[in-house]
Amino acid sequence: MQYCSTRGGVRGWDFRDVLFSGYAPDGGMFMPESVPVLSPDTLRGWRGLPYAKLVVEVASLFIPTRLIPREDLEVLVGEALSGFSVTEVVRIARLKEGLSVLELFHGGTLAFKDLAMTCTVRFLDYFLRKENRRATVVVGTSGDTGGSAIQSAKGLCGLDVVVVYPRGRITPVQEKHMITCLEDNVHVFAADGSSDDIDQPLRRLFADRELVRSHGLMSLNSVNWSRIMIQLAHFIYAYLELSDVERAEADSDLPELEVVVPTGGAGNIAAGYIVKQMGLPLRLVAMVNSNDIVHRTVTAGDFSMAADVTQTLAPAIDIQDPYNMERVFWLLLGRDGASVKTMMEGFQTSRRQSLPEKHRKLLSQVLSTGTVSDEGILDTMRRCWEENQYVLCPHTAVGVWHHYHCPHSPKINRCYVATASPAKFQAAVRKAGLTFDLPEAVLALDELATRYQNLERSLNWCKDWEDRLREKIQSVSAVRKSRRTCHSQM
C-alpha cells in the first residue's frame, strides 16, 4: 500500500512517511493510491468481531506488515483502546422508532476523536522508539481534537504537543481537558479567534519545509491520514451491526445502511465515503449547524466560506473550512489531482469556489445534507429525552434532527453518529431544560491547576501568532537537544 497527494504532486509514499507528514509537500492531503474493496464474504466474516479486532483488520489493509508486523499492530491497537469506559469501546443505543445512536464518546475526553487519536499516537510512538528520535505535534482545534491529542500523548518521551484552541468558543470541559495537563511535553495556547483563524498560521508553519524537517513537525488533526484510516472502522462496525448483512443471501446485493454524521471539518464524512468506495452500500448524510458550507456545496455548488464563523450550541463543528472535503473531491473526480489542485488553491486564495454543475450533481449523488439552527438543536434534545429518556449532546442532536424531520423507508436502517458526550456541553443541556449526571472524571477537572499561554488579537495577528508558535517549536527543540547533550555526558 502506497500513498499519494490529492493534488497530484506526490506519489509512492509509505504509511510511516505519511503518518509523520500531515499535509503533503504540494499542499494536498494524503490518500491511498488504491482503495481495497471488501467482499461480502469478508464482511460476513467480520460480523461479531470485538471493536478493537475490527480496527486491526481495517488498519492492516493500509499498513504493510514490514512497517508494523501484525502482532505489534494488535498490541498497539489493544493498548490504545484499553482505557475506554465501556468494554466494547463503542456501542449502539437502540431507541424508539428505529433511532439507533452509535456512541463513539467513551474515551478519555468523551469525544469520538479519542478512537483514532489514541491509535495514531501509539503508531507514532512505535516508530519514534524504533528510530530513537522525537517529533513535535502541532494541533489547531475547534474543541475536541486538542484535548484528545493531549490526553493521548501526555508524558510520552518522544513527542511534544503544541495545541492552539479558540478562547471563548469552546465549552469549559473542552478547555479543561487541555489546560489542566501540566506534563512537560504539552504546550497549550488560547487564541483570540475562531478555529478557522487558527488554521491560517498553522498552514504557514507547515508550508515551511525547513521548519518541518529540522524540528520533526507534524499534525494530529484529521489532515493526518491515520486519523481517517482508524475512523473507517466505526462505519464498518455500524454497517455490520445495523444493516442485517448476515441475513442477506449469498448471491444478492448487500443491504443499504444510511449513516447520518454531524459535520465540521468533514473527516468523518471523508471516512464514510472511503468505506463506500470499499464496497459497503452506505447512504451518507452530512448534517451541519449554521456554519453550512458543506450543505451549500452539495445543494448549490457554493463552496465558499462565510465572512465569519457563527458561534452555535455545537461548537466543535463551528467550521467554515471543511478541509477534508478535499479528500471527497479527489475520490469524486476520479483521483484527478490537477483538478483538485486548481479547485483547492483557488479556494484557499479567495475563500470562494463554485463547483461546476456536473461536479455538484456527482457530489449530491453520494452525499445528502441538512442544516440545523440552535433552536432545532434544542428541540431535538428535548424530543429525544421525552421519547427515550436519552440525553444527546448538541452535535449529536444536529444529526438526530434528521430523524425527526426526514422520513425514510423502513426497508433501510439508519445510524446516527454520536460524536461526544453531553457531559462536555452542560450549558446546552441546561438550555434545553434537561439534567445530566456528570461523570466523576468531569467533576474532578474543576479541582486541577491550569497552564496555558495567550495569543492576543492584533492588527497583524496571523503573522504574530505564526511567530509565537514558531518560537515555541524552536524552544522545544532546543530543550530537547540540551537534554540529549546532558544525558550523553553523564
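The values are calculated or read from the model by the stated rules, or taken from the named source; none is laboratory data. Since the structure is predicted, the reported quantities are computational estimates derived from the model, not experimental observations. A quick note on method: Cβ atoms are made from the backbone with ideal geometry, for glycine too, and the neighbour counts reach across all protein chains shown. Calculation scope for accessible area: heavy atoms of the full protein, side chains included, ligands and nucleic acids excluded. Shrake-Rupley method; radii C 1.70, N 1.55, O 1.52, S 1.80 Å.
Placing a label point 7 Å from the Cα of LYS481 along the Cα-to-Cβ direction, the residues of region 200-242 whose backbone N falls under 17 Å of that point are 210-217.
Ordered by 1.4 Å accessible area with all protein chains kept, MET305, MET229 run largest first as MET305, MET229. The Cβ shell under 9 Å around GLY28 holds other residues with a net charge of 0, Lys and Arg each +1, Asp and Glu each -1. Where q = 0.11, 0.12 Å⁻¹, what log10 of I(q)/I(0) comes from the Debye formula for the chain, counting one point per Cα? For the chain, the Cα-only Debye profile gives -0.89, -1.09. Here the relative contact order of the chain, from alpha carbon pairs under 8 Å that lie six or more residues apart, stands at 19 percent.
Partners of LYS53 within straight-line reach, counting lysines whose Cα lies under 21 Å from its Cα and excluding those fewer than 8 residues away in the same chain: LYS113, LYS276.
Mind running the shape call on region 378-486? Use the C-alpha gyration tensor, a ≥ b ≥ c as the square roots of the eigenvalues: rounded below 1.5 for a/c, prolate if a/b tops b/c, oblate otherwise. Prolate is the answer for region 378-486, as a/c is 1.5 or above and a/b outweighs b/c. From the alpha carbon centroid of region 159-220 to that of region 431-464 is 14 Å.
For region 218-329, what does the relative contact order come out to in percent, with C-alpha contacts under 8 Å and a separation of six or more?
For region 218-329, the relative contact order is 26 percent.
Among residues other than THR342 with Cβ under 15 Å from its Cβ, the summed charge is 0 (Lys and Arg +1, Asp and Glu -1).
Let me have the 222 nm mean residue ellipticity of the chain computed from DSSP H runs of 4+ only, each contributing -39500 (n - 2.57), with the sum over all residues rounded to the nearest 500.
-14000 deg cm²/dmol
Quick one: work out the % antiparallel among DSSP beta bridges in the chain, nearest 5.
Values: 10 of 46 bridges.
DSSP beta bridges in the chain are roughly 20 percent antiparallel.
Ignoring lysines fewer than eight residues from LYS96 along the same chain, the ones with Cα atoms less than 18 angstrom from its Cα are LYS411. Note on ALA427 and ARG457: with the Förster distance fixed at 25 Å, the Cβ-Cβ geometry gives a FRET efficiency of about 0.55. The heavy atoms of SER142 present about 20 square angstrom of accessible area, all protein chains included, probe 1.4 Å. Cα-based radius of gyration for region 317-456, normalised by 2.2 N^0.38 Å, reads 1.39.
In whole percent, what relative contact order does region 364-490 give with Cα contacts below 8 Å and a gap of six or more residues? Could you put the intermediate results ahead of the total?
Values: 79 pairs, mean separation 24.7, N = 127.
The normalised contact order for region 364-490 reaches 19 percent.
Each other residue within a Cβ distance under 12 Å of VAL372 adds +1 if Lys or Arg and -1 if Asp or Glu, for a net charge of -4.
A 1.4 Å probe run over the protein chains yields, for region 348-415, 51 Å² of accessible area per residue, whole-number rounding.
Mean Kyte-Doolittle hydropathy of -1.0 or higher plus an axial Cα length of 20 Å or more: which whole DSSP H helices in the chain meet both?
Details: long enough: 113-131 (27 Å, -0.14); 225-242 (26 Å, 0.79); 374-388 (21 Å, -1.29); 461-489 (42 Å, -1.40).
Those that pass (Cα extent of 20 Å or more, hydropathy at least -1.0) are 113-131, 225-242.
Counting every C-alpha pair in region 37-150, the share spaced more than 24 angstrom apart comes to 36%.
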